[in-house]
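Colleague: Okay, handing you the structure first.
The values are calculated or read from the model by the stated rules, or taken from the named source; none is laboratory data. Remember, it's a predicted structure, so these values are computed and weren't measured experimentally. Backbone-built Cβ (ideal geometry, glycine too); neighbour counts: all protein chains shown.
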Amino acid sequence: MKRGILVGRHKMLPGQERALKELGIQIIKQVEQIDMNRLNEIQDCDVVVVQALPLSLLVQILSPLQRKGIEVLMFEQEAINRDLLPKNEAEKLIREKPDMRTALVALNGNEEKVRVIEFKRVVRIERITIEQTKVWPIE
């Protein structure tokens, strides 16, 4: 059984828990954030599982974790509704696949609106490349 650290602040969906179990990964610790300063705290594990991180942060931590021999996995999720929905409509969609779907709530004016997110797969992050061109400098 591989020992894993979950990076994220949300409780895993039952589908995510099942995926990790089938992959032979046991989560031993959950941390809300990870950055270059916290990489030294990552030890005694075989894999880091990311719920969601900004791409720029994922780029920073990937190589140092790989050099430590730690595999980096990520839960891939997709929004199933393009527009924000009223809460009752979102709840109906979530009930269709409660082990795979969750809600992201946003305030739209005074009204709570919801985007429904569905867990699709677990992927291994092996390499990230960002190509940049300076288009406007701050002097």
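Colleague: When residues of the range 1-30 are filtered for being outside any loop (DSSP other than H, G, I, E, B), farther than 22 Å from residue 61 by Cα and in contact with a strand residue (DSSP E or B) (Cβ under 7 Å, 6 or more places away or on another chain), how many remain? Write out each step before concluding.
Modeller: Initially, the range 1-30 is screened for residues outside any loop (DSSP other than H, G, I, E, B), giving 2-7, 14-22, 25-30.
Remaining after also requiring farther than 22 Å from residue 61 by Cα: 14-19, 21-22.
With the extra rule that they be in contact with a strand residue (DSSP E or B) (Cβ under 7 Å, 6 or more places away or on another chain), the set shrinks to 15-16, 19.
Number satisfying all stated conditions: 3.
Colleague: If you go through the range 93-128 one residue at a time, how many are closer than 20 Å to residue 11 by Cα and in contact with a strand residue (DSSP E or B) (Cβ under 8 Å, 6 or more places away or on another chain)? Walk me through how you get there before you give the answer.
Modeller: We begin by selecting, within the range 93-128, every residue closer than 20 Å to residue 11 by Cα; these are 93-106, 114-123.
Okay, now just the ones that are also in contact with a strand residue (DSSP E or B) (Cβ under 8 Å, 6 or more places away or on another chain), so 93-94, 97, 100-106, 114-123.
Qualifying residue count, the range 93-128: 20.
Colleague: Sticking with this structure for a sec: How many residues, within the range 50-93, are small (Gly, Ala, Ser) and under 19 Å from the mean Cα position of the chain (by Cα)?
Modeller: Matching residues across the range 50-93 total 4.
Colleague: In addition: Take the residues of the range 39-52 that are among the hydrophobic types (A, V, I, L, M, F, W, C) and surrounded by fewer than 19 Cβ atoms within 10 Å (Cβ to Cβ): which is nearest to residue 119 (Cα to Cα)? Give the derivation first.
Modeller: Our first condition is that a residue be among the hydrophobic types (A, V, I, L, M, F, W, C); within the range 39-52, this holds for 39, 42, 45, 47-50, 52.
Add one more test, that the residue is surrounded by fewer than 19 Cβ atoms within 10 Å (Cβ to Cβ), and what stays is 39, 42, 52.
Values: 39: 27, 42: 25, 52: 12 Å.
Out of the qualifying residues, it is 52.
Colleague: Exactly one condition in (1) surrounded by 13 or more Cβ atoms within 10 Å (Cβ to Cβ); (2) touching a Gly at 6+ places or on another chain (Cβ under 9 Å) is not met by residue 85; state its number.
Modeller: So residue 85 meets the others, but not (2).
Okay, residues lined up against (1) over 30 Å from residue 41 (Cβ atoms); (2) surrounded by 14 or more Cβ atoms within 10 Å (Cβ to Cβ):
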{"residue": "67", "(1), (2)": "no, no"}
{"residue": "74", "(1), (2)": "no, yes"}
{"residue": "79", "(1), (2)": "yes, no"}
{"residue": "90", "(1), (2)": "yes, yes"}
{"residue": "100", "(1), (2)": "yes, yes"}
{"residue": "110", "(1), (2)": "yes, no"}
{"residue": "115", "(1), (2)": "yes, yes"}
{"residue": "124", "(1), (2)": "no, no"}
{"residue": "137", "(1), (2)": "yes, no"}
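Colleague: Return yes when residue 48 is closer than 19 Å to residue 23 by Cα, assigned to a strand (DSSP E or B) and free of Cβ contacts under 8 Å to residues at least 60 places away in the same chain and no when it is not. Working first, answer last.
Modeller: Numbers: closer than 19 Å to residue 23 by Cα: yes; assigned to a strand (DSSP E or B): yes; free of Cβ contacts under 8 Å to residues at least 60 places away in the same chain: yes.
It is true that residue 48 is closer than 19 Å to residue 23 by Cα, assigned to a strand (DSSP E or B) and free of Cβ contacts under 8 Å to residues at least 60 places away in the same chain.
Colleague: Mind checking which pairs have a first residue in the range 17-38 that is without any contact (Cβ under 8 Å) to a residue 24 or more places away in the chain and at positive phi and a second that is surrounded by fewer than 16 Cβ atoms within 10 Å (Cβ to Cβ) and not charged (D, E, K, R), Cβ under 7 Å, 6 or more apart or different chains?
Modeller: Between residues of the range 17-38 that are without any contact (Cβ under 8 Å) to a residue 24 or more places away in the chain and at positive phi and residues that are surrounded by fewer than 16 Cβ atoms within 10 Å (Cβ to Cβ) and not charged (D, E, K, R), the close pairs are 24/1.
Colleague: Also, quick follow-up: List the pairs whose first member sits in the range 61-82 and is without any contact (Cβ under 8 Å) to a residue 24 or more places away in the chain, whose second member is surrounded by 14 or more Cβ atoms within 10 Å (Cβ to Cβ) and in a strand (DSSP E or B), and whose Cβ atoms are under 9 Å apart, counting only residues at least 6 apart or on separate chains?
Modeller: Filtered contacts from the range 61-82: 66/72; 82/115.
Colleague: Next up: Yes or no: the range 75-85 includes at least one residue that is closer than 21 Å to residue 1 by Cβ and at pLDDT 95 or above. Lay out the reasoning, then the answer.
Modeller: Restricting attention to the range 75-85, the residues satisfying the condition of being closer than 21 Å to residue 1 by Cβ are 75.
Among the residues that remain, those that are also at pLDDT 95 or above are: 75.
Yes, the range 75-85 contains at least one residue that is closer than 21 Å to residue 1 by Cβ and at pLDDT 95 or above.
Colleague: Would you be able to say whether some residue in the range 21-28 is within 18 Å of residue 121 (Cβ to Cβ) and either polar (S, T, N, Q) or in contact with a Leu (Cβ under 7 Å, 6 or more places away or on another chain) (or both)? Let's see the steps before the verdict.
Modeller: Quick first cut of the range 21-28, residues within 18 Å of residue 121 (Cβ to Cβ) only: 21-25, 27.
When the remaining residues are screened for being either polar (S, T, N, Q) or in contact with a Leu (Cβ under 7 Å, 6 or more places away or on another chain) (or both), the result is 27.
Yes, the conditions are met somewhere in the range 21-28.
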